1. For the stretch A:255-275: of the residues being surrounded by fewer than 24 Cβ atoms within 10 Å (Cβ to Cβ) and assigned to a helix (DSSP H, G or I), which is farthest from the other protein chains (Cβ to nearest Cβ)?
2. Quick check: is even one residue across the stretch B:72-88 under 30 Å from B:Leu301 (Cβ atoms) and touching a residue at least 40 places away in the same chain (Cβ under 8 Å)?
3. Please go through the stretch A:253-273 and give me each residue that is free of Cβ contacts under 8 Å to residues at least 40 places away in the same chain and aliphatic (A, V, I, L, M), ordered by number.
4. On the given criteria, is A:Leu112 crowded, with 24+ Cβ neighbours inside 10 Å, under 30 Å from A:His38 (Cα atoms) and touching a Gly at 6+ places or on another chain (Cβ under 6 Å)?
5. Quick check, is B:His245 surrounded by fewer than 23 Cβ atoms within 10 Å (Cβ to Cβ) and farther than 23 Å from A:His275 by Cα?
6. Could you pull out the residue among B:Leu235, B:Leu281 that is of a type in the set (A, V, I, L, M) and either under 19 Å from the mean Cα position of the chain (by Cα) or within 25 Å of B:Tyr113 (Cα to Cα) (or both)?
7. Looking only at the stretch B:226-242, filter to residues that are among the small types (Gly, Ala, Ser) and in a helix (DSSP H, G or I); which one of those is surrounded by the most Cβ atoms within 10 Å (Cβ to Cβ)?
8. Looking only at the stretch A:127-140, count how many residues are open to solvent by 10 Å² or more (accessible area, probe 1.4 Å) and within 14 Å of chain B (Cβ to nearest Cβ).
There are 2 protein chains.
Amino acid sequence: MDPQAANQTTGADSLLDRLCLSLVSGVGPRLYKALVDHFGSASAVLAAPMSELRMVPGIGAKLSQAVSRARDEIDATQEIEFCRQQGIALVGLGEAGYPRMLAEIPDPPTILYVHGELKPQDSLAIAIVGSRHATQYGLAQAERLAASLARAGLVIVSGLARGVDAAAHRGALAAGGRTIAVLGGGLAQIYPPEHKPLADEIAGQGAVASEAPPRSQPLSGSFPQRNRIISGLSLGVIVVEASTHSGALITARHAMEQNRDVFAVPGRVDNRMAHGCHRLLRDGAKLVESADDVLEELGPLVAATPNATGQVIHHPAELLLNELEQQVLQSITGDSASIDEIVSSSGLPTSQVLSTLSVLEMRRLIRRLSGNRVMRP
Amino acid sequence: MDPQAANQTTGADSLLDRLCLSLVSGVGPRLYKALVDHFGSASAVLAAPMSELRMVPGIGAKLSQAVSRARDEIDATQEIEFCRQQGIALVGLGEAGYPRMLAEIPDPPTILYVHGELKPQDSLAIAIVGSRHATQYGLAQAERLAASLARAGLVIVSGLARGVDAAAHRGALAAGGRTIAVLGGGLAQIYPPEHKPLADEIAGQGAVASEAPPRSQPLSGSFPQRNRIISGLSLGVIVVEASTHSGALITARHAMEQNRDVFAVPGRVDNRMAHGCHRLLRDGAKLVESADDVLEELGPLVAATPNATGQVIHHPAELLLNELEQQVLQSITGDSASIDEIVSSSGLPTSQVLSTLSVLEMRRLIRRLSGNRVMRP
């Protein structure tokens with residue numbers, strides 16, 4: 001939401017109150033949701049008596065006091081003004097611009113601070129994460145995969161960290177694709193500091209986002225929580241290089257819990273940085289050698305999503321198709337279509353339609369029905 | 001069987017006739033078995049009229065003629081004499097010295113020509129195979145895994161080829177372990193020729209074996225068939241480096257068909273020689289970083305097997321145990337034992353028995369029953 005619109009109400013709720021409640025120390029996404037569910041709106045929560053606040057499970061003496069004093073003690077207006085000055089947008093859960101994939105996780109951020117722009121096509125996103133201490137091999141793979149997936153039309157999500165994260169962002173940028181960096185700290189506290197220029201470049205070709213207020217320090221405790229946003233924004237997570245203690249494995253665990261695909265890039269067994277990936281592969285992660293491996297394995301999209309060129313995508317594997325295959329696929333509108341209908345609407349020769357339908361069937365993008373009809377699954 | 005005993009009959013059959021029938025061109029292990037099943041013995045097959053031979057499915061005009069003329073046209077005696085001179089033993093399917101694991105496959109070799117010695121402990125074998133064009137990485141992994149698995153007590157089986165095979169044999173030899181080389185051609189035609197000294201060393205510390213008569217040329221067509229013997233001798237097959245067209249993948253397929261474990265060592269995705277291994281991992285092969293990964297994953301043995309030190313092994317994971325753990329495990333004789341019985345038979349303090357049983361349970365080498373009893377699964 002535009003900072004100027006801060007005082008406008010969404011239903012019965014103002015952004016100011018929602019921001020204020022979200023800024024109460026100790027009120028995370030789950031408690032925020034529990035409170036708003038109980039009282040109906042953030043405004044009602046902030047106005048509630050302490051005794052009633054404590055009826056919400058998880059709210060004790062200390063938190064109920066903090067919530068009831070929040071309007072006096074937290075200067076949300078000043079926070080909004082700071083964001084306005086810095087060009088940071090606030091996007092609240094439930095608003096139109098909020099990322100659709102992220103809204104589906106059990107604990108979506110209440111408010112996302114965004115530098116740059118979130119777009120509908122960002123639902124076609126894949127995360128690439130890995131070690132801060134990656135080898136040259138890991139860096140090269142992160143950059144290569146990010147570039148080819150970005151060229152295919154996916155948005156690359158990562159964490160702006162040294163090593164694999166930065167290589168993934170750079171690969172996407174170099175390919176002219178979109179990329180999103182999710183920070184553990186605030187947007188005015190870019191960490192690591194040497195990645196400030198990279199963050200600016202990302203904001204210009206995608207977005208830098210955080211659930212922490214802009215001036216929050218990047219505390220190490222915030223990174224595991226941050227990782228759920230990286231996976232939450234994405235259809236799947238690719239782990240490129242990770243030791244067995246790497247935070248990238250936390251992102252992979254979040255991805256599994258969020259029902260997203262997990263991919264891992266193997267490496268030499270004498271490379272300690274590959275061991276985390278190998279553990280993921282043992283646990284059922286999908287092995288990645290190339291971008292095609294990812295596009296073929298990603299499950300169907302929950303909802304059709306427009307890509308950068310405005311074409312509506314139902315399945316990431318559609319990004320693998322050539323122009324002819326796309327043309328035939330797009331001519332299947334509605335629940336199903338007969339081959340005659342496809343021939344007439346595409347204007348292609350029957351033989352070409354038939355051979356193209358075989359390719360689409362092989363890629364599991366269509367299913368054949370009886371009576372010369374096909375459907376999208 | 002000792003060549004000198006060639007004319008001795010096994011039941012109604014002589015080695016001479018069995019050898020003669022096995023040498024008929026076109027009679028492979030499956031047809032050999034079909035013929036002997038039909039007529040009762042190799043001698044009866046060789047004496048049968050052509051019309052009756054043709055009643056066996058797979059035996060046509062040409063083969064029935066070749067079989068009925070075999071005693072006149074094939075000089076089995078001379079073949080046996082040649083083996084005697086070369087120090088090559090003939091081991092027939094069904095004889096005591098025939099490898100137990102190999103006898104279980106659908107098409108076991110009728111006669112194995114053996115240089116060196118096959119021992120009962122060879123049932124505790126694992127195959128290590130891979131590309132002839134392995135990288136330094138692949139060679140190092142083959143040698144390292146072979147050495148540690150040999151030290152743990154496993155016999156290393158491979159194919160004497162350049163690259164991974166030779167590295168695996170050398171790793172086992174260097175560790176003072178046993179190793180078996182299975183050839184596609186005959187034992188008097190060592191291929192590749194520069195591996196003659198390696199073959200001699202293997203024969204001195206294990207065995208070199210082939211189902212081809214000693215003077216058979218190593219034809220490329222014989223190698224896929226040879227690969228079923230490599231997997232057939234083994235509890236599992238480890239593929240170290242293999243392109244997607246490597247014969248090692250054939251060995252892995254044989255292993256799956258023979259219900260043996262398949263393992264693969266991952267590598268860099270930009271190493272073409274790792275792509276075959278990665279394909280296996282996608283298809284469900286178990287990922288190997290170390291010898292322990294193999295010992296932990298191998299299934300229980302079909303039959304208890306003595307190891308090199310005479311200890312009876314029920315499960316390869318027992319090779320991972322320390323002396324104390326082995327002592328407690330060995331004290332569980334019969335179907336099950338009570339903890340009191342183990343304490344009294346092992347002479348160890350109860351607390352030590354209890355903690356050791358926990359380790360054994362974790363390694364799935366024992367199962368706890370009700371009433372303070374444990375059993376081997």
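1. Of everything passing the filter in the stretch A:255-275, A:Glu257 is farthest from the other protein chains (Cβ to nearest Cβ).
2. To start, the set of residues in the stretch B:72-88 that are under 30 Å from B:Leu301 (Cβ atoms) comprises B:88.
Of the ones still in play, those that are also touching a residue at least 40 places away in the same chain (Cβ under 8 Å) are B:88.
Looking through the stretch B:72-88, at least one residue is under 30 Å from B:Leu301 (Cβ atoms) and touching a residue at least 40 places away in the same chain (Cβ under 8 Å).
3. Result: A:Met256, A:Val262, A:Ala264, A:Val269.
4. Working: crowded, with 24+ Cβ neighbours inside 10 Å: yes; under 30 Å from A:His38 (Cα atoms): yes; touching a Gly at 6+ places or on another chain (Cβ under 6 Å): no.
No; evaluated as a whole, the condition is false for this residue.
5. Details: surrounded by fewer than 23 Cβ atoms within 10 Å (Cβ to Cβ): yes; farther than 23 Å from A:His275 by Cα: yes.
Taking the combined requirement at face value, the residue satisfies it.
6. Numbers: B:Leu281 fails: either under 19 Å from the mean Cα position of the chain (by Cα) or within 25 Å of B:Tyr113 (Cα to Cα) (or both).
The match here is B:Leu235.
7. B:Ser231
8. 7
The values are calculated or read from the model by the stated rules, or taken from the named source; none is laboratory data. Quantities reported herein were computed from a predicted structural model and do not represent experimental measurements. Cβ: placed from backbone, ideal geometry, glycine included. Neighbour counts: every protein chain shown. Areas reflect the complete protein model, heavy atoms only, side chains present, ligands, DNA and RNA absent. Shrake-Rupley method; radii C 1.70, N 1.55, O 1.52, S 1.80 Å.
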